[in-house]
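Undergrad: My questions will all concern the structure given below.
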Amino acid sequence: MYIPNKYNPYRDHSLFVHCISIEYPDAWHHLIEEFVEWIEMFNVKNKCFFGFAQIKTKFGKLTIYMQDYTASWEDPAQWSNDTDKHMTSINEKITRIVKKADGTCRICGRQKEEIVINTKIKMICFKHPEELRKI
Ligand SMILES: [Zn+2]
């Protein structure tokens with residue numbers, strides 16, 4: 001269910017040139033795709049070049065690390081240098097993608113549903129209730 005580097009669909013993608021590893025459940029691929037399309041637009045719009053440093057799952061959570069490669073562009077002088085400002089917008093988008101991944105079953109890609117366990121609301125996939133095993 002994980003995409004090893006050599007089969008990774010983004011192997012030859014310019015945004016992944018500096019990416020050290022890419023690993024996430026297949027069922028989350030559409031979310032990664034959504035983010036890749038978003039960051040492509042973001043880079044064009046802001047005349048910057050943010051690329052992927054790493055994509056992985058950490059404690060079951062989708063984790064995306066981005067890096068500002070704007071300065072390494074062929075002619076850095078024409079690009080803006082607002083790394084922090086841009087990173088704030090990028091992190092907001094990442095937070096939304098991670099939230100969607102949290103609500104998407106990593107095995108089948110179905111939308112998880114809310115149930116109450118020990119008075120706490122949990123999101124689970126009824127076909128693959130991984131969360132129930134942790135109780
Ligand atoms: Zn499932």
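Undergrad: Out of the residues in the stretch 79-105 that are surrounded by fewer than 16 Cβ atoms within 10 Å (Cβ to Cβ), in contact with a Lys or Arg (Cβ under 8 Å, 6 or more places away or on another chain) and part of a loop (DSSP other than H, G, I, E, B), which is modelled with the lowest pLDDT?
TA: By that ranking, first place goes to Ser80.
Undergrad: Of all residues being within 21 Å of the chain's Cα centre (by Cα), part of a loop (DSSP other than H, G, I, E, B) and without any contact (Cβ under 8 Å) to a residue 24 or more places away in the chain in the stretch 106-130, which is farthest from the ligand (Cβ to nearest atom)? Just the residue, please.
TA: So the residue we want is Lys112.
Undergrad: Would you say Glu37 is over 16 Å from Cys105 (Cα atoms), at pLDDT 95 or above and acidic (Asp, Glu)?
TA: Yes.
The values are calculated or read from the model by the stated rules, or taken from the named source; none is laboratory data. Bear in mind the structure is a predicted one, so any value in this text is a computation, not a measurement. Heads up, the Cβs are rebuilt from the backbone with ideal geometry, glycines too, and the neighbour counts pull from every protein chain shown.
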